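Below: the structure, in structure tokens.
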Amino acid sequence: MDWFDRRIVQYMLRWQPFGGPPEDEVLPRFGMSLPQLHRRFNRIVKKMEAQRDSLRSEDLALLSAVNRAKGEAAVKRELESMASSLKLPVPTSVEQRSA
């Protein structure tokens, strides 16, 4: 993985807890629209998954962080779905769920 792809993955991970990056920040930073950035990120992650055995340790750690973030997002969506059907408030972070 090159430095630019690594930067995209790091950036997306930083913004994941907040629902993703702001659109107005993406174009000047990466030279692409937010939908283009999402597509590029997904391609990068698929490529990382396919090359898992040959990834450098820092890239393997990034891939693990991506997979953790995806898992947390899936849990959050499930909680939101359950809460909306029961009309309950949903905690906004992992820390609040475990408290």
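The values are calculated or read from the model by the stated rules, or taken from the named source; none is laboratory data. Please read all numbers here as calculations on a predicted model, not as lab measurements. In this analysis, Cβ positions are derived from the backbone assuming ideal geometry, glycine residues included, and neighbour counts consider all displayed protein chains.
What to note about this one:
- Subset of region 7-39 (residues that are hydroxyl-bearing (S, T, Y) and within 21 Å of K70 (Cβ to Cβ)): Y11
- Residues satisfying the stated conditions in region 50-74, i.e. surrounded by 12 or more Cβ atoms within 10 Å (Cβ to Cβ), at pLDDT 80 or above, assigned to a helix (DSSP H, G or I) and not charged (D, E, K, R): L60, L62, L63, A65, V66, N67, A69
- Test: residue in region 16-34 that is modelled with pLDDT under 95, at positive phi and exposed (fewer than 10 other Cβ atoms within 10 Å of the Cβ): yes
- Qualifying residue in region 3-15 (condition: modelled with pLDDT of 95 or more and exposed (fewer than 10 other Cβ atoms within 10 Å of the Cβ)): yes
- If you check R43, R7, R39 for being closer than 21 Å to R77 by Cβ, in a helix (DSSP H, G or I), under 14 Å from the mean Cα position of the chain (by Cα) and not β-branched (V, I, T), only one passes: R39.
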